[in-house]
Amino acid sequence: MKRNQQHHPPAWAQRFVEWYCKPGLVEDLIGDLNEYFERNVRTVGPRRAKLIYAIDAIKFFRTYTVRKPSFVDLFINWIMIGSYIKTSGRGLMRNKLFSSINIVGLAISMSVGLLLIAFALDLRSYDRFNKNGERIYRITNVASFKGESSSGGKFGTTSIKTGKLIRDKVTGVEEVAIIRSDFSQDARVGDRVLPIKGFWAEPSLFRILTLPMLEGNPETALRDPYSIVLTETAAKKLFGDASAIGKAIKFDTLEYQVTGVMKDVPFFSHISFEALVSLSTAQQLNKSDKNFEQWANMWSNYVYLMLPENADIASIQSQLNAIAKEENLAEENTKIQLELLPLYHIVVGENLVGGMGGPVGPHMPPIVLWVLGGLALVVILSACFNYTNLSIARGMRRFKEVGLRKAIGAGKSQVRQQFLAEAIMISLAALFLSFFLFLFLRPQLINIAPEMQRTVKLSLTPAMVIAFIVFSVAVGAIAGLMPAIFFSKTSAINALRNVSTVKVFKHVTLRRALAVVQYTVTLIFITTTAIGYVQYKNILAFDLGFNTENILNIDMQGNKPDALLKELSEIPEVTALSRSIIVTSVGNAWGGQMKYKDSQDSALVMTNNVDENYISLHGYKLIAGGNFITRPTTAKAASEVIVNQQFLKRFNIANNDPQKAIGEKVTFSNFKVNGRKMTIVGVMKDFHYGKVDNLIGPVAFMPWTPEDRALINVKIQSSDMPATLAKIESTWKKVDHVHPFEAEFYDEAIEEAYSEFSVLIKIIGFLSVLAISIASMGLFGMVVFTTETRLKEIGIRKVMGADSVNLVYLLSRGFLLLLSISALIALPVTYIFFENFILRNFPYHTPVQIVELFIGFLVVMLIAFIMIGTQTMKAARSNPVEVLKSE
């Protein structure tokens, strides 16, 4: 016995049996073979026993023991899929109307999905050309200003000092680069003059961002003062095909040497420029400015970091916190916290204040993508509801088919696969049509706003095509899921029952529930569009507290305004002229800290530097005091201020009495001046300095000086405005033949300031049209199906004496009831949504009117009535003899 236990059957033979034998037989077969092996070892010896075991292992390779190869299952599955496709194709061709409705509805809705996919992929493409993009961060400032809890915010800019402190004190940082965004000058090369915009930058920027150099050394190109690197396009504009390296460019009275030529910045870059000038040049030009590198001077500078792989972000953030804590001790009015912003979160990420230079590049808040995605999903689901409704309704005729399939052995999974295959086929057919709709709608979306043209291209890429196909299959699966589940659960015995008896909840059928949901969404869309459009028009017509009609604002682009003022004053259509530094009420902001007398209570006050003609030209209402008396030539010499009523209220000046406030002293400080004493010479009636979604706050007008940026405000009275604008433009060319004429009417600037609302309303309006179209097609299909299934009933009723009007009422009342239920849900939801969530952000909005609510309902009801009426009248006019002759 001991000797037998020392012998084992050949392992290869046992593994061979395990490989070919069916899982249900392998254990018994190997057990029998092992038992025979032990007996043979005792009787004939181990050597012959192993030979017999091997022979028996091969002998049992029979048809009843061999498992079915996996490729056979795969082959059968492919055969089944081919069968599903053939069956689905035949079914679609037999039901051309329903198939067409489903394909067109899905195509219309999927075109929106394709636009959204292309839009999202473009946004995701930003800055991906940087080789080390995942390790690059930008420093942001979370700033708060003394005196106002609501002032401050999160800025994309920071100070030059921040960059230097990080370079000196923070460990675990591989590279630091500081850039400054206020380089915009005229480049002169011989007789050629070209406006150039760019950044002051450090050489380390080339080590952080992937900006390939065509000529020059990136390590030294931005090292020395008065050195400049041009993009390829800018170099060709200035020097043609000749090499630009070593050439001189004159900016104002200073010469800069071209030390490098780089490739043009890719379109999908958050930062764009024509030139980079060494930051050491800016430091040289501002060496007498004590505020240039101050901790709180964060308005035009950006700091980029490149961290090593697997960097300890928490450790770096703690070091940034320590720097901020130390530097804030020396600041009286400004407190700053430093944070890390990943490079890939700059374009699609939190909305940041851009500083004096404005935003450095395109930006899209994630909430916008979520909103657009949600709206697109709703439209797509509406088309899917159409498919579900029509499939289940048409499936009443296919119940015998499903029952027969189950009776001959088809399982639930096979029925599900059949219906899913049909839905995916329809979806892929819709993709072909939706692609052409995408090509048509793409330029419409890009041209919907200037910002859109600067942000996306929506060009086709391989990744985009793959995403489109995956999206199409997913839509097909979603559309076919409910019919597939529904029919797969139906037993063969119940296959002759009416599908309309299936309940979602008491007394409501599945198809009716889906129809109510679909029309509720459609009504919400169209009602939202109507209310949004009315509110948008009310915003544009809102009384801002001053006049904007026929006022043209001309940007002097660095030129002195005197020469142009003289020329404009000679044009008969120009009735008044003034100067300012910004255009108010469009989102621009300029300001500083103010306090009353010697009080320690300071507050952030919005300001505008204007000349003595500005108030009368714009029709501001002075309720006390008068206009400016002096005409200072420098900012430090300005000593007069005109304030609004909210200013008096904020500081409780003279118990808010405008007359008694005249002559009171206030102190003003900003990044240019510190502690300037000023006298109140006038009090204005409150007006909207910011947009109408901002509460009116304290505002002060100060005298414009030749040191200030200049905007010329032109009041025009003309019966031929285009001709007058042509005169003004020709006048501009006399003064400046280099820069293009940049001017905008005040009303147009206000309209542009609210362009995001206009764009959103256009998009929602477009989606509303799609939703109505899709719902109407679905309703049309259901009406056609209902009338077809009730033709005999209609014939009997006509024989019994029913007239056409009664038949139309009989056939349409169910649909109209569903629409009424949708209205009872949609209208209150829309009203509550606007009043409690949207309009509460606009303190000066007008209430939602009943007409705005019901206009969408009336439009939908009219379309539905036309759809229902045409088909029911057609059925009602049918000849009962023709209908009943087969009975």
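The values are calculated or read from the model by the stated rules, or taken from the named source; none is laboratory data. Everything numeric in this text was worked out from a predicted model, so none of it was measured. A quick note on method: Cβ atoms are made from the backbone with ideal geometry, for glycine too, and the neighbour counts reach across all protein chains shown.
Numbers at a glance
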read-out	value
Residues within the range 437-459 that are surrounded by 14 or more Cβ atoms within 10 Å (Cβ to Cβ) and either in contact (Cβ under 8 Å) with a residue 24 or more places away in the chain or more than 22 Å from the chain's Cα centre (by Cα) (or both), tallied	13
Residues located in the range 116-134, provided they are hydrophobic (A, V, I, L, M, F, W, C) and buried (at least 21 other Cβ atoms within 10 Å of the Cβ)	I117, A118, F119
Qualifying residue in the range 668-691 (condition: in contact with a helix residue (DSSP H, G or I) (Cβ under 7 Å, 6 or more places away or on another chain), of a type in the set (A, V, I, L, M) and either in a loop (DSSP other than H, G, I, E, B) or within 30 Å of N297 (Cα to Cα) (or both))	yes
Test result for A864, within 36 Å of the chain's Cα centre (by Cα), under 30 Å from A107 (Cβ atoms), at pLDDT below 80 and in a helix (DSSP H, G or I)	yes
Residues located in the range 447-465, provided they are among the β-branched types (V, I, T) and within 11 Å of I117 (Cα to Cα)	V465
In the range 342-353, the residues that are surrounded by fewer than 17 Cβ atoms within 10 Å (Cβ to Cβ) and either more than 24 Å from V586 (Cα to Cα) or at pLDDT below 65 (or both)	P342, H345
Yes/no for T786 being more than 37 Å from the chain's Cα centre (by Cα), within 30 Å of S434 (Cβ to Cβ) and among the β-branched types (V, I, T)	yes
Positions within the range 613-628 being surrounded by fewer than 16 Cβ atoms within 10 Å (Cβ to Cβ) and in contact with a Phe, Trp or Tyr (Cβ under 9 Å, 6 or more places away or on another chain), in sequence order	G619, K621
K335, sole failed condition from (1) surrounded by fewer than 19 Cβ atoms within 10 Å (Cβ to Cβ); (2) closer than 30 Å to A120 by Cα	(2)
Residues that are over 38 Å from the mean Cα position of the chain (by Cα) and part of a loop (DSSP other than H, G, I, E, B), drawn from the range 216-242	G216, N217, T220, R223, D224, P225, Y226, G240, D241, A242
Residue within the range 45-56 that is loosely packed, with under 15 Cβ neighbours inside 10 Å, charged (D, E, K, R) and at pLDDT 85 or above present	yes
Selection count, the range 154-195, where residues are basic (K, R), farther than 18 Å from S300 by Cβ, touching a residue at least 40 places away in the same chain (Cβ under 8 Å) and not in a strand (DSSP E or B)	1
Qualifying residue in the range 790-797 (condition: in the same structural domain as I524 (by TED's automatic domain parsing), buried (at least 20 other Cβ atoms within 10 Å of the Cβ), in contact with a Phe, Trp or Tyr (Cβ under 9 Å, 6 or more places away or on another chain) and not small (G, A, S))	no
Selection count where residues are in a loop (DSSP other than H, G, I, E, B) and under 29 Å from V517 (Cα atoms), scope the range 769-802	1
Hey, L818 at pLDDT 80 or above, more than 30 Å from F542 (Cα to Cα) and in contact with a Phe, Trp or Tyr (Cβ under 9 Å, 6 or more places away or on another chain) or not	yes
Qualifying residue in the range 847-858 (condition: polar (S, T, N, Q), modelled with pLDDT of 85 or more, under 34 Å from the mean Cα position of the chain (by Cα) and not in a helix (DSSP H, G or I))	yes
Residue within the range 667-678 that is crowded, with 20+ Cβ neighbours inside 10 Å and under 26 Å from V574 (Cα atoms) present	no
Residues that are part of a helix (DSSP H, G or I), touching a residue at least 40 places away in the same chain (Cβ under 8 Å) and not β-branched (V, I, T), drawn from the range 13-38	A13, Q14, F16, Y20
Number of the condition not met by W19 [criteria: (1) loosely packed, with under 11 Cβ neighbours inside 10 Å; (2) at pLDDT 85 or above; (3) within 60 Å of the chain's Cα centre (by Cα)]	(2)
Long-range neighbours under 9 Å by Cβ, at least six apart or interchain, first residue modelled with pLDDT under 90 within the range 552-568, second in a strand (DSSP E or B) and charged (D, E, K, R)	G558/D186
Test set (1) over 30 Å from the mean Cα position of the chain (by Cα); (2) without any contact (Cβ under 8 Å) to a residue 60 or more places away in the chain - A282 fails condition number	(2)
Selected residue [in a helix (DSSP H, G or I), of a type in the set (A, V, I, L, M, F, W, C) and surrounded by fewer than 17 Cβ atoms within 10 Å (Cβ to Cβ)] from A563, A589, A576	A563
Subset of the range 243-264 that is in a strand (DSSP E or B) and polar (S, T, N, Q) - its residue that is farthest from Q284 (Cα to Cα)	T259
Some residue of the range 670-682 being at pLDDT 90 or above and of a type in the set (K, R)	yes
Whichever residue in the range 388-439 is closer than 17 Å to L481 by Cβ and among the polar types (S, T, N, Q) and, among such residues, is modelled with the highest pLDDT	S427
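This table checks each residue for (1) within 26 Å of I346 (Cα to Cα); (2) in the same structural domain as Y137 (by TED's automatic domain parsing); (3) without any contact (Cβ under 8 Å) to a residue 12 or more places away in the chain; (4) surrounded by 22 or more Cβ atoms within 10 Å (Cβ to Cβ).
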{"residue": "I228", "(1), (2), (3), (4)": "no, yes, no, yes"}
{"residue": "A235", "(1), (2), (3), (4)": "no, yes, no, yes"}
{"residue": "I249", "(1), (2), (3), (4)": "no, yes, no, yes"}
{"residue": "E255", "(1), (2), (3), (4)": "no, yes, no, no"}
{"residue": "T259", "(1), (2), (3), (4)": "no, yes, no, yes"}
{"residue": "D264", "(1), (2), (3), (4)": "yes, yes, no, no"}
{"residue": "S272", "(1), (2), (3), (4)": "yes, yes, no, no"}
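For (1) buried (at least 18 other Cβ atoms within 10 Å of the Cβ); (2) under 30 Å from S318 (Cβ atoms), each residue gets a yes or a no:
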{"residue": "E174", "(1), (2)": "no, yes"}
{"residue": "S184", "(1), (2)": "no, no"}
{"residue": "R188", "(1), (2)": "no, no"}
{"residue": "V193", "(1), (2)": "no, no"}
{"residue": "E202", "(1), (2)": "yes, yes"}
{"residue": "G216", "(1), (2)": "yes, no"}
{"residue": "A221", "(1), (2)": "yes, no"}
